[in-house]
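Contents: one structure, followed by commentary.
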Amino acid sequence: MTAKDVRHRAEELRKQINYHNYRYYVLDAPLIPDAEYDRLLRELQTLEEQHPELVTTDSPTQRVGAAPLKKFGAVKHEVPMLSLANAFSEQEVLDFDRRVRERLEAVAPGVLPPATLVEPFASALPCTAEEVEYSAEPKLDGLAVSLLYRDGVFAQGATRGDGVTGEDVTQNLRTIGAIPLRLYGAGYPALLEVRGEVYLSKAAFEELNAAARARGEKVFANPRNAAAGSLRQLDPKITARRPLAFFCYGVGAVERGKLPGEHGALLAQLRDWGLPVAHEQRVVSGVQGCLDYHRDMAARRSRLEYDIDGVVYKVNRLDQQELLGFVSRAPRWAVAHKFPAQEEITEVLGIDVQVGRTGALTPVARLKPVSVGGVTVSNATLHNQDEIDRLDVRVGDSVIVRRAGDVIPEIVSVVRERRPHGAKPFHLPKHCPVCGADVVRAEGEVVARCSGGLYCPAQRKEAILHFVSRRAMDIEGIGEKLVDQLVEHKLIETPADLYMLTKEQLAGLERMGEKSAANVVAALENSKATTLARFLYALGIREVGEATALALAQHFGDLNALMRADEETLQQVPDIGPVVAAHIVAFFHQRHNREVIERLLDPRVGGITWPAVKIAQRLPLAGKTFVLTGTLETLAREEAKEKLQTLGAKVSGSVSSKTNYLVAGADPGSKVEKARELGVEILDETALLKMLRA
Ligand code: 9MJ
């Protein structure tokens with residue numbers, strides 16, 4: 001390609017990418033799949049890497065990459081960023097509308113001349129203040145920002161700050177996909193300041209917090225804090241990783257250009273220039289239109305992608321807005337009609353611990369019932385011990401609870417000043433509140449679990465369904481409906497009881513004929529001849545999947561040996577680390593689990609058997625740990641690793657006292673020295689190949 005071709009191609013790609021951004025973020029109607037979009041972006045990136053002189057600041061490749069700042073600069077808002085007055089009842093909205101009409105009548109009785117009042121806004125509508133038109137919009141609780149476009153190119157972005165001075169967060173705003181780096185189309189003013197809200201969708205907020213919770217990090221109290229915390233990062237790379245969104249709701253400074261004279265039309269124009277506007281925005285007639293809109297949005301609220309805390313009404317005609325002006329820092333032409341509070345204060349009466357069907361323990365706060373946004377809340381999830389520690393919530397505490405949309409109510413914080421004397425920190429029990437088995441919280445895990453898998457009534461149905469599943473004992477004809485009935489009619493408590501069921505008992509159940517009952521009994525009978533690996537998998541020990549069950553069977557060859565093994569012994573089995581080993585030991589440590597196993601094997605009950613696991617079946621390299629280093633000539637590193645693992649070896653990344661062999665290829669590096677120090681046997685490639693063949 002000639003230099004000119006390259007420049008044309010880069011321009012073409014930028015145009016295309018901008019168009020697809022517009023389809024995706026503004027119209028919500030993408031034309032191409034993400035993969036195709038990524039290809040366009042990568043092609044442009046490659047061109048720009050090869051021809052750095054072609055890079056422009058508004059290129060879609062220039063969203064991330066700015067260096068971290070020491071502090072944010074200050075930005076003065078030429079047109080102040082106003083806040084909104086609130087209305088909490090219909091009466092307050094009626095009062096607002098009355099004040100608007102009275103004031104319009106007072107300052108411009110009768111008919112206003114065609115509006116030349118507001119430059120650059122053009123309007124030719126007569127003004128009668130009988131019924132005012134309003135723009136009605138959802139009110140998002142995010143972070144208000146101002147975006148400055150010079151000749152259509154994003155030049156500067158700032159937070160609202162105190163309304164007069166904000167922080168320069170340009171580099172962070174550039175990382176937000178919904179903010180165009182260049183306006184779309186044509187006809188925009190030479191200088192255009194767009195105003196709107198940066199926010200997190202409900203899904204993005206939940207995801208962000210779930211990830212933080214899983215890492216044991218602190219969670220954000222609400223989407224607003226999460227959005228603010230994400231945008232006010234000195235390192236734009238951190239902001240880039242947060243799924244922030246944006247929508248615009250107005251303009252500030254405008255120079256050299258014409259804009260529509262009505263707010264609704266203005267937003268439509270901004271949308272055409274590539275700026276996302278809330279899809280729910282509408283123009284309504286009079287105060288009744290406003291109240292209808294409020295009711296409609298309240299009903300739709302839980303189904304929206306983002307949290308809203310109310311709706312906003314704005315006088316639609318900009319000349320009327322100008323006439324109305326503002327008091328202190330809020331415009332007289334707009335009001336936020338809030339929904340009832342989503343947060344309330346109440347007391348923690350107790351903390352219960354629930355055991356889920358997989359044995360996970362979840363602490364739940366029992367609350368003094370309180371109405372939150374019109375719904376009575378008497379419970380709130382506390383997630384896990386880390387969350388309890390983070391909040392430091394104790395029985396007797398006064399707490400702030402929040403109910404957002406349909407999600408389970410949560411405790412946001414504790415009002416420490418109101419803590420009663422003697423309130424003690426709460427700890428999850430050491431024994432399962434349902435079955436009494438030990439509770440295990442494996443190192444590095446957030447969730448604590450009951451280890452009474454085969455016996456615990458809370459896990460009963462799940463344990464039985466897993467036991468009969470195809471890859472476990474493969475008992476056909478026993479599904480969820482049947483297990484529900486068997487457990488509810490108290491015909492079975494544990495998997496061992498399955499084998500005592502009679503045809504008559506089964507045939508007496510709903511949707512079970514003679515024939516299906518006979519089939520189930522036959523399937524149970526058939527399942528008795530199995531393998532040790534299947535049986536181990538069927539026990540449903542936490543973290544023991546099929547592969548681990550097979551490795552355990554091959555390593556120990558015998559159930560009793562496995563049941564006696566301690567954590568250290570278990571970790572000699574390939575791919576069994578400390579977490580799995582702890583789960584296995586905890587499981588077999590429970591007397592009730594051992595009793596169920598005994599009954600499963602008892603010829604008078606389960607009568608389950610398997611062929612002896614022959615020594616020959618044991619993998620030749622089981623229990624051996626290898627480390628690979630340097631370049632091998634005939635084998636790729638991954639290939640060598642796979643071959644070793646197939647033969648039962650464990651392949652680790654670093655040499656330690658547990659290493660049996662170090663395989664050293666060409667240019668092996670420091671691992672060889674370490675191996676020598678520790679007295680680990682060193683193999684060259686020939687020796688390795690020989691071992692693999694043997
Ligand atoms: C929010 N937060 O959703 C305004 N807002 O208008 C909407 N905020 C606003 N409009 C003027 N939709 C000042 C603030």
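The values are calculated or read from the model by the stated rules, or taken from the named source; none is laboratory data. All of these numbers come straight from a predicted model, not from anything done at the bench. When we count neighbours, we look across all protein chains shown, and the Cβ atoms used for this are built from the backbone with ideal geometry, even at glycine. Surface accessibility is based on the protein's heavy atoms, side chains included, excluding ligands, DNA and RNA. Shrake-Rupley method; radii C 1.70, N 1.55, O 1.52, S 1.80 Å.
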Is it fair to say Leu688 is at pLDDT 85 or above, closer than 30 Å to Tyr455 by Cβ and among the aliphatic types (A, V, I, L, M)? no
When the residues of region 53-92 are filtered to those that are over 30 Å from Leu13 (Cα atoms), outside any loop (DSSP other than H, G, I, E, B) and more than 16 Å from the ligand (Cβ to nearest atom), which remaining residue is least open to solvent (accessible area, probe 1.4 Å)? Val75
Checked against (1) closer than 25 Å to Ala158 by Cα; (2) within 16 Å of the ligand (Cβ to nearest atom); (3) among the hydroxyl-bearing types (Ser, Thr, Tyr); (4) surrounded by 15 or more Cβ atoms within 10 Å (Cβ to Cβ), Ser328 satisfies every condition except (4)
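Taking only region 140-167 into account, find how many residues are assigned to a strand (DSSP E or B) and open to solvent by 40 Å² or more (accessible area, probe 1.4 Å).
Total meeting the criteria: 5.
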Go through region 474-507 and give me each residue that's under 36 Å from the mean Cα position of the chain (by Cα) and open to solvent by less than 90 Å² (accessible area, probe 1.4 Å). Asp474, Ile478, Gly479, Leu482, Val483, Asp484, Gln485, Val487, Thr494, Pro495
Looking at (1) among the aliphatic types (A, V, I, L, M); (2) open to solvent by 10 Å² or more (accessible area, probe 1.4 Å); (3) within 14 Å of the ligand (Cβ to nearest atom); (4) more than 34 Å from the chain's Cα centre (by Cα), which one does Val251 not meet, given that it meets all the others? (4)
Among residues of region 393-414 being at pLDDT below 95 and outside any strand (DSSP E or B), the residue nearest to the chain's Cα centre (by Cα) is Val407
Those residues of region 660-682 which are more than 22 Å from Ala622 (Cβ to Cβ) and aromatic (Phe, Trp, Tyr), in sequence order: none
Scanning region 510-546 for residues that are over 28 Å from Leu570 (Cα atoms) and not in a helix (DSSP H, G or I), which turns out most open to solvent (accessible area, probe 1.4 Å)? Arg511
Failed item, numbered, when Ala268 is tested on (1) in contact (Cβ under 8 Å) with a residue 24 or more places away in the chain; (2) within 16 Å of the ligand (Cβ to nearest atom): (1)
Which listed residue is over 31 Å from the mean Cα position of the chain (by Cα) and of a type in the set (Lys, Arg), from Arg224, Arg256: Arg256
Are any residues in region 191-204 within 16 Å of the ligand (Cβ to nearest atom), not in a loop (DSSP other than H, G, I, E, B) and not charged (D, E, K, R), and if so, which ones? Val194, Gly196, Val198, Tyr199, Leu200
Counting just the residues of region 331-357 that are open to solvent by 20 Å² or more (accessible area, probe 1.4 Å) and part of a loop (DSSP other than H, G, I, E, B), which one comes out farthest from the ligand (Cβ to nearest atom)? Arg357
Tell me which residues, restricted to region 283-324, are within 13 Å of the ligand (Cβ to nearest atom) and surrounded by fewer than 15 Cβ atoms within 10 Å (Cβ to Cβ). none
Quick one: is Arg394 without any contact (Cβ under 8 Å) to a residue 40 or more places away in the chain and away from the ligand (no atom under 16 Å from the Cβ)? no
Scan region 492-500 and tell me whether some residue there is among the hydroxyl-bearing types (Ser, Thr, Tyr) and closer than 16 Å to Arg599 by Cβ. yes
